[in-house]
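The values are calculated or read from the model by the stated rules, or taken from the named source; none is laboratory data. Everything quoted here is computed from the prediction, not taken from an experiment. Cβ coordinates were reconstructed from backbone atoms using ideal geometry, including for glycine residues, and neighbour counts include every protein chain displayed.
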Amino acid sequence: MPTIAVVDYDMGNLHSACKGLDNAGAATLITDSAKEIEQADAVVLPGVGSFDPAVQHLRSRDLVQPIKDAIDSGKPFLGICLGLQILFESSEEGKEPGLGIVPGTVKRFKPEPGLTIPHMGWNQLQFTQPDCSLWQNLGAAPWVYFVHSYYVEPSDPSVRAATITHGTQTVTAAIARENLMAVQFHPEKSSTAGLQLLSNFVQLVNQRQLLKL
């Protein structure tokens, strides 16, 4: 059974994410230990809240380099919600620099008549990387659950794995680049589709473990 480190930096509903991963057959470990992150078979970076406190908490716990090292090692990595946004270089939400792992910025939805901000509720994914391992067995245009006022805008459009449309604005809902994957929505709140996504991630970890044997 693979061990998935769930990074603890006081900015996420860790137990909800762990429950979905546990149900998919993983052994989860909530941790802020660089050594445990290094030893884990995969890493999940959840997050709820604001950009500046998130990156401040990561830096105060000396977790930035362990996260970068985990991604560089090739092990599967999944960011969730704020855990997607802080991978980028900067955000309109705050002044702190992001982790800079993915080139690009985090932007706020532009106001328009009838548009609700934050974007809260169910929306349909449009896959831009249909072969991404996270999307296996989700079907076309699955419904998933969002709560956010900001969205990521990668400098390289090819890293987009899915988009959504809110009002007239089409924005990035997920990214994927080799072993690095991250989603703006909450899989743990996204019913069958979200549980399938977490199961797909665990399966990816299992496959990597088999290749190492």
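Summary of values
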quantity	calculated
Pairs with Cβ under 6 Å, 6+ apart, first in the stretch 46-64 and among the aromatic types (F, W, Y), second surrounded by fewer than 21 Cβ atoms within 10 Å (Cβ to Cβ) and in a loop (DSSP other than H, G, I, E, B)	F51/E93; F51/G94
Residue match in the stretch 155-167 (condition: at pLDDT below 95, more than 24 Å from L99 (Cα to Cα) and out of contact with any strand residue (DSSP E or B) (no Cβ under 7 Å at 6 or more places or on another chain))	no
Within the stretch 5-25, considering residues that are of a type in the set (A, V, I, L, M, F, W, C) and under 23 Å from Y145 (Cα atoms), the one surrounded by the most Cβ atoms within 10 Å (Cβ to Cβ)	V7
Residues being within 19 Å of V147 (Cα to Cα), hydrophobic (A, V, I, L, M, F, W, C) and under 17 Å from the mean Cα position of the chain (by Cα) - total across the stretch 90-119	1
Test for W143: is it modelled with pLDDT of 95 or more, over 29 Å from S90 (Cβ atoms) and of a type in the set (F, W, Y)	yes
Selection count where residues are free of Cβ contacts under 8 Å to residues at least 24 places away in the same chain and charged (D, E, K, R), scope the stretch 4-45	2
Any hit, the stretch 103-122, residues being of a type in the set (F, W, Y) and crowded, with 21+ Cβ neighbours inside 10 Å	no
Single residue of the stretch 179-213 satisfying the filter (under 28 Å from F109 (Cα atoms) and charged (D, E, K, R)) that is surrounded by the fewest Cβ atoms within 10 Å (Cβ to Cβ)	K189
